[in-house]
Amino acid sequence: MLTDYEWQALALSLKVSSVAVAASLPVGILVAWVLAKKEFWGKSLLNSVVHLPLVLPPVVTGYLLLLLFSRNGMLGQPLQQWFGLSFAFSWQGAALAAAVVAFPLMVRAIRQAFENVDPKLEQAARTLGASPFKVFYTISLPLVYPGILAGMVLAFARSLGEFGATITFVSNIPEQTQTLPLAMFSFIETPGAESEAARLCIIAIVLSITALLASEWLLRRNHQERR
Amino acid sequence: MLTDYEWQALALSLKVSSVAVAASLPVGILVAWVLAKKEFWGKSLLNSVVHLPLVLPPVVTGYLLLLLFSRNGMLGQPLQQWFGLSFAFSWQGAALAAAVVAFPLMVRAIRQAFENVDPKLEQAARTLGASPFKVFYTISLPLVYPGILAGMVLAFARSLGEFGATITFVSNIPEQTQTLPLAMFSFIETPGAESEAARLCIIAIVLSITALLASEWLLRRNHQERR
Amino acid sequence: MLSLKISKQLGQCALDFHCDLPGHGVIGVFGVSGSGKTSLINMIAGLITPDSGSITFAGQCFFDGNKGLNLAPERRRIGYVFQDARLFPHYTVQGNLLYGCPKEEQDKLSEVVELLGIAHLLSRFPEQLSGGEKQRVAIGRALLTQPEMLLMDEPLAALDQPRKQELLPYLKRIAKRSQIPILYVTHQQQELLQLVDELLVVSDGQVACQGTLEEVWNSPAMLPWQQAEGVSSLLLAKVMQQDERHGMTPLSLAPECHLWSSEVSLAPEQQVRLKVAAKDVALSRSKPEGTSMRNIVAATITDIEVLAQQQVMVSLNLAEQVIKAQITLWAQQEMKLQVGEQVYALIKGINLQGVAL
Amino acid sequence: MLSLKISKQLGQCALDFHCDLPGHGVIGVFGVSGSGKTSLINMIAGLITPDSGSITFAGQCFFDGNKGLNLAPERRRIGYVFQDARLFPHYTVQGNLLYGCPKEEQDKLSEVVELLGIAHLLSRFPEQLSGGEKQRVAIGRALLTQPEMLLMDEPLAALDQPRKQELLPYLKRIAKRSQIPILYVTHQQQELLQLVDELLVVSDGQVACQGTLEEVWNSPAMLPWQQAEGVSSLLLAKVMQQDERHGMTPLSLAPECHLWSSEVSLAPEQQVRLKVAAKDVALSRSKPEGTSMRNIVAATITDIEVLAQQQVMVSLNLAEQVIKAQITLWAQQEMKLQVGEQVYALIKGINLQGVAL
Amino acid sequence: ASVKVFAAASLSPALQQIIERYEQLHDDDIVLVSGASSALARQVSQGAPADIYVSANQAWMQYVLDNTAINTAKSQPWLGNQLVLVASGPQQGFDVTSVQAWQAALQQDYLAMADSRHVPAGIYGKQALSALGVWSELAHKIAASNNVRAALALVERGAAPLAVVYQTDAEASAKVHTLAVFPKDSHDPIIYPALLLSETRASARFYDFLWSQQALATLSQHSFEVFPRVN
Ligand SMILES: Nc1ncnc2c1ncn2[C@@H]1O[C@H](COP(=O)(O)OP(=O)(O)OP(=O)(O)O)[C@@H](O)[C@H]1O
Ligand SMILES: Nc1ncnc2c1ncn2[C@@H]1O[C@H](COP(=O)(O)OP(=O)(O)OP(=O)(O)O)[C@@H](O)[C@H]1O
Ligand code: MOO
Ligand SMILES: [Mg+2]
Ligand SMILES: [Mg+2]
């Protein structure tokens, strides 16, 4: 049904988006929690920084990533030297770009869920001898599960669609960084390749609708379990 | 402080984003309300369609817009003929692109707010003789005001950063469709023009942080008014 | 007149109400938690749609399952006071009050505001009100829609005791002045006594009993409550002229038969309702002298029932009304009480509080 | 021993508590709404940080404003039962119970489960519980943390009357068996009577009165409640052997002076508390014969106070304890009662319910 | 009057200067819209308000001519360019025909280039590498960008060691060094045709100015080859 080419792009997109979501999730949860529950100097600033990738054009984000993470970049050099990690032109780089661009959406969803967790339950857990850390992972975290799921789906969808930052940061390399949107773009721009582009477009849509529906189903199951 | 060129891009970005948000708001509220409060066949489908622009790479969105709204497009032709409205390659088109791309974010925020409106209050209003329509605009709507505000800011921020759909749909025409991100892109692409790009980047960041802070302030005021 | 003939399946719970309720006065709806009281009045208000049957009020059909007719809640002209006040948080008190009030009726505002004592609250927002104040505003809001029937779903339940006391007089005032029927849901005996004319006991989604309060009070439907709060009798009496020397008021059950009450605020000739707890009634063979008890009346034993815990319930005929005395088995045996005998019932005047109707 | 010496400004409301509370038994915390009861125990629990002062419990310092010491809530070893049960919705009942329970103590689960009668609920989620069941689980959860003090903030307030009745016996059981002090916040007299040894009356953010329940009961601090619910006396008595013929129990106030109670479940030699409503006490000059009243005891008038509404409060000395009788002014005048005279106090046995201590 | 010039990205620095010059001399307002030739071609075909379109190759020009009813004669070759290989650091003597040389220079890294499916610079690049017999070795080592500028940026940032760009781009950037110039016969001649789309006087005036003396001076400064005006 799908050509090799399409399978490749699909598999890559899935890998990149999944890794982007999985890797940014812990940070996303942490940042969301801090923004929802803590008061500190510079909170507005942190909030703004988190929102930046939403506001900046992805191409600019990709360019900034390039500045930071390329071989001579401020972060790229030490990462390469000390951890052997290289983002340039690799699917890891695509995942990084996707993660950065999707981050504000993920944080917003999770933050809202944290804000809705009843602090009274957290207080109750404290009186039951739980340290703040235990409260976090036994009470707050499970209660924001729906929000985390929503955040993940949103970030996953956004990652699936990510184009500008990816092509700027890691270019368009088949099998490495050519995700569905990049493949789509090439086809759109190639005269006479519209039908290939349309096929890819449909694959992307089906994929993300599946993700949306799956998350709705998970939410419903989670809710029913408790009755 | 700002060059003419920067003023132009800034003013255009503001105009495009504001119009995009203002024009899509009524539809956004309606769709959000329907998704939050109604059960009907095809709801999942509508939800998916609303999310599409989030999932599709903006370039593809722009391409589809171009197909639909260009002079020979399915919608472009009748709109031009009957209403004299032309989206292609005009700032109105940039606003349309921004609106479409930001739409899912706006709807999500407002929908969540609608879901949190206590249906008991709406029932109470019904028993006080209010028609469903009156209930909507006197009870539900004012109570989702914070959600609407959040949705507007989010959509505004996303519009400010919109690049891919815009450049594909309406090209990068100075004074017409060259918004901040497009201008930034042009500079990034010009060797040696990094500092101009950086200046524009800072303008965009300041702008959107201002919007975020303004919305927070509005929310706080709205809340204090009632105590 | 409100005619109900409705059934509805709610989850596990089958509701099936058949009854005709009077078109005036306060109709109490009484029943344990989960018996279907709220569901019943929600169906009357149109907030729940019955599965089948019909609802007709004052000649107007609200719902008819056969004809597929279902009037929208806003067109039923019904005022609904919820347990939780459900004030609109974004309107001031005045805004809430006038929400459902037709333009041409807005001059009624001052009247209602005065009736409920909420003039000083008009410009506040609901967040700034106490629970009792909120509930008063909610009542005012419902009244100002000029409803043709008032539904109240445990309007006092969410309030603490002092707030309840504070609100009850307002409800009494409204009940007394109201030209329209009021359906009043509660499971508090106290509220029933003070407010209700007709009583509907709901149990397991059905009408268990219906009638005037006095009729229903002694019926088996009320047994569960009588057990919980102690058995009592309800007497109807007429207020006579207050005694000037000691300020007590005689309440006449029949010519030549009256009970002294220490309630002083009752106007002569008024009908009052007396609730006499069976535990407050002592019996004596001879007429005791020199005691502080003001009410020593002759009555005939009509029934003796042995209860658990070595106790006995003695029913007495007092001027053709039933009064019950709960005494120990020991006393009953020692006094050798028998059905048909005449004894003296002793009641402290201080324990008799008449409730004006 | 719990030593409090704390002050805290909460919005408009200044709290300032100075008191030493015993290290055992049930300590009632009583006061009107908004008087600062919840804030007080929140400070003890560590959920609110006082502005200054110190809290010391059993030699351990919880808080010291001078030293900047403030023990985290989870390190105070305090069990807290909230008004709203605050069960964790994503844990089953068992999960909730074991949440704060140290591994090595989990064998206590079955004991607590049995004590509270919640064995059949263990695998349910909180959403599937009634209000009373929720509260029982919440109590069990607090008990299983092996706390060194238990705080209960109106644990029954959110429940309706039948649920309250259902839960009270469990609380009594816990109070009786508990080795640790329990601070019990309430504004229900009924709960005080049944549960409390020591009483702290809180008013306007300060300790208005402190002492044993009996001491505080008649103090001016309790006046507002006595007015609302009717004046009553509290008597301490010892249970004597039940009478086999008629099943009633004599409660001895002194040798040769006892009152008959129809409460049958009391074990002999037990100390009990008797609450006698002043309205339930009648007076007589002569000893009435042939009445159903089981308690006719001689007592000496120690005080006569004229109340509003043509009523009189007569205080009597009954075997060195105070018992009050509320009668009409009319009766008092007719009987010509004077301080120092001996009269007979008449109390229906059925109105005397001893509460075991 | 206003004239909108849609021109290939690689032209933008030079054209910007020409426009500045022109605006000093005339009252007209020239608006430069730059982007990949492919993207611009598509926009022009869809009705973008372009008065002049300059493509970086003949193919996209043909696409525009095919999709608009414009007389082919209105398009004329304007500029020529050369394809070069750039690196971030100075290196010497790179043999573009040697597979070993490519492998040694790239190792694990990629060759940055515009997308060879639609961007002219990429199309020329692919032709050149194929003609030199190294395409099959390099095909999977290509990092494709949206346009030639983006490929250049990758080398400027050190993300890629090598890039195939136009000579004009290489000279415009101070951060890259030209390693080699691709032989002219290894690819189609790089020709920038210019198309006059509108009939306005101002458009025609600026179109003419493209061949003016002032324009030619600027263009040769930027190392463009200029074709003589045909008609
Ligand atoms: N939407 C629903 N779905 C399923 N069951 C319902 C629903 N609404 C009510 N019920 C059930 O119907 C029964 C009647 O509920 P209802 O609220 O009318 O009782 P009630 O008499 O008002 O009780 P209370 O005194 O607690 O207010 C209950 O058993 C309840 O569990
Ligand atoms: N966070 C706060 N900010 C401002 N005022 C507060 C705050 N918390 C409590 N108060 C005020 O402090 C006073 C004491 O409140 P608290 O909850 O301790 O009373 P309470 O005795 O427990 O009342 P209740 O019987 O209603 O539970 C009240 O007047 C309340 O309005
Ligand atoms: O100047 Mo181009 O169209 O990027 O080769
Ligand atoms: Mg109900
Ligand atoms: Mg409290």
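The values are calculated or read from the model by the stated rules, or taken from the named source; none is laboratory data. As the structure is a computational prediction, the values presented were derived from the model and not from experiment. As a convention, Cβ positions derive from the backbone with ideal geometry for all residues, glycine included, and neighbour counts pool all protein chains shown. Accessible surface is based on the protein model in full, side chains and every heavy atom, while ligands, DNA and RNA are left aside. Shrake-Rupley method; radii C 1.70, N 1.55, O 1.52, S 1.80 Å.
Brief remarks on what is shown
- Candidates A:ALA197, A:ALA193, A:ALA155: the one that is over 15 Å from the mean Cα position of the chain (by Cα) and more than 9 Å from chain B (Cβ to nearest Cβ) is A:ALA193.
- Test for E:ALA172: is it open to solvent by less than 10 Å² (accessible area, probe 1.4 Å) and farther than 23 Å from A:ASN172 by Cα: no
- In region D:147-158, the residues that are in the same structural domain as D:LYS176 (by TED's automatic domain parsing) reach residues that are within 12 Å of ligand 5 (Cβ to nearest atom) and in a strand (DSSP E or B) with C-beta atoms within less than 6 angstrom, at least six apart or across chains, in these pairs: D:ASP153/D:VAL185; D:GLU154/D:VAL185; D:GLU154/D:THR186.
- Scanning region E:104-114 turns up no residue that is modelled with pLDDT of 85 or more, assigned to a helix (DSSP H, G or I), within 23 Å of E:ALA39 (Cβ to Cβ) and within 12 Å of ligand 3 (Cβ to nearest atom).
- Residue, nearest to D:VAL196 (Cα to Cα), within region D:12-33, restricted to residues that are open to solvent by 70 Å² or more (accessible area, probe 1.4 Å) and not in a strand (DSSP E or B): D:HIS24
- Some residue of region C:65-73 being outside any strand (DSSP E or B), within 14 Å of chain B (Cβ to nearest Cβ) and farther than 24 Å from C:SER7 by Cβ: no
- Among (1) touching a strand residue (DSSP E or B) at 6+ places or on another chain (Cβ under 7 Å); (2) of a type in the set (S, T, N, Q); (3) more than 14 Å from chain A (Cβ to nearest Cβ) - the single one D:GLN9 does not satisfy: (1)
- Within region B:162-175, the set of residues being among the acidic types (Asp, Glu) and either assigned to a helix (DSSP H, G or I) or within 10 Å of chain A (Cβ to nearest Cβ) (or both) comprises B:GLU162 only.
- Single condition E:GLN127 does not satisfy, out of (1) touching a His at 6+ places or on another chain (Cβ under 6 Å); (2) without any contact (Cβ under 8 Å) to a residue 24 or more places away in the chain: (2)
- Hits in region C:7-18 (condition: within 24 Å of the chain's Cα centre (by Cα) and within 13 Å of ligand 1 (Cβ to nearest atom)): C:LEU15, C:ASP16, C:PHE17
- Looking only at residues of region E:15-34 that are touching a residue at least 40 places away in the same chain (Cβ under 8 Å) and in contact with a helix residue (DSSP H, G or I) (Cβ under 6 Å, 6 or more places away or on another chain), we find that the one that is farthest from ligand 3 (Cβ to nearest atom) is E:ASP28.
- Strands (runs of 3 or more DSSP E) enclosed by region D:131-240 - at least 1 residues per element that are of a type in the set (Asp, Glu) and more than 16 Å from ligand 4 (Cβ to nearest atom): D:149-153, D:198-203
- Only one of the numbered conditions (1) polar (S, T, N, Q); (2) open to solvent by less than 10 Å² (accessible area, probe 1.4 Å); (3) more than 13 Å from chain C (Cβ to nearest Cβ) is not met by D:GLN189, and that is (3).
- Applying the criterion of being open to solvent by 30 Å² or more (accessible area, probe 1.4 Å) and away from chain A (no Cβ under 14 Å) to the residues of region D:34-52, the residue that is farthest from ligand 1 (Cβ to nearest atom) is D:SER52.
- Identity of the residue in region E:205-220, in contact (Cβ under 8 Å) with a residue 40 or more places away in the chain and not in a loop (DSSP other than H, G, I, E, B), that ends up most open to solvent (accessible area, probe 1.4 Å): E:ARG205
- Within region C:77-97, the set of residues being within 8 Å of chain B (Cβ to nearest Cβ) and more than 19 Å from C:ALA175 (Cα to Cα) comprises C:ASP84, C:ARG86, C:PHE88, C:PRO89, C:HIS90.
- Residue under evaluation C:CYS61, criteria (1) near ligand 1 (Cβ under 8 Å from one of its atoms); (2) away from chain B (no Cβ under 14 Å), criterion not met: (1)
- Of the candidates D:PHE82, D:PHE63, D:PHE57, D:PHE88, the single residue that is buried (at least 18 other Cβ atoms within 10 Å of the Cβ), within 16 Å of ligand 5 (Cβ to nearest atom) and not polar (S, T, N, Q) is D:PHE82.
- Residue check for C:VAL272: within 21 Å of D:LEU329 (Cα to Cα), in contact (Cβ under 8 Å) with a residue 40 or more places away in the chain and surrounded by fewer than 23 Cβ atoms within 10 Å (Cβ to Cβ): no
- Some residue of region B:142-151 being farther than 30 Å from E:ALA170 by Cα, open to solvent by 40 Å² or more (accessible area, probe 1.4 Å), aromatic (Phe, Trp, Tyr) and more than 10 Å from every other protein chain (Cβ to nearest Cβ): no
- Residue within region E:148-164 that is open to solvent by less than 10 Å² (accessible area, probe 1.4 Å), away from ligand 3 (no atom under 14 Å from the Cβ) and away from every other protein chain (no Cβ under 13 Å) present: no
- Breaking point among (1) over 28 Å from B:LEU180 (Cβ atoms); (2) away from chain A (no Cβ under 14 Å), for B:GLY76: (1)
- Picking from residues in region E:46-59 that are away from ligand 3 (no atom under 13 Å from the Cβ) and more than 9 Å from every other protein chain (Cβ to nearest Cβ), the one that is most open to solvent (accessible area, probe 1.4 Å) is E:ASP51.
- Residue in region E:177-188 that is within 14 Å of another protein chain (Cβ to nearest Cβ) and either part of a strand (DSSP E or B) or touching a residue at least 60 places away in the same chain (Cβ under 8 Å) (or both) present: yes
- Taking region A:185-208 as the range and being open to solvent by 40 Å² or more (accessible area, probe 1.4 Å) and assigned to a helix (DSSP H, G or I) as the test, the residues that pass are A:GLU194, A:SER195, A:GLU196, A:ALA198, A:ARG199, A:ILE202, A:VAL206.
- Total residues in region C:149-178, condition more than 16 Å from ligand 5 (Cβ to nearest atom), at pLDDT below 90 and farther than 11 Å from C:GLN83 by Cα: 15
- For D:PRO73: the one exception among (1) at pLDDT below 90; (2) more than 16 Å from ligand 2 (Cβ to nearest atom): (1)
- Only one entry in A:LEU46, A:LEU67 is open to solvent by 20 Å² or more (accessible area, probe 1.4 Å), over 19 Å from the mean Cα position of the chain (by Cα) and within 30 Å of B:LEU56 (Cα to Cα), namely A:LEU67.
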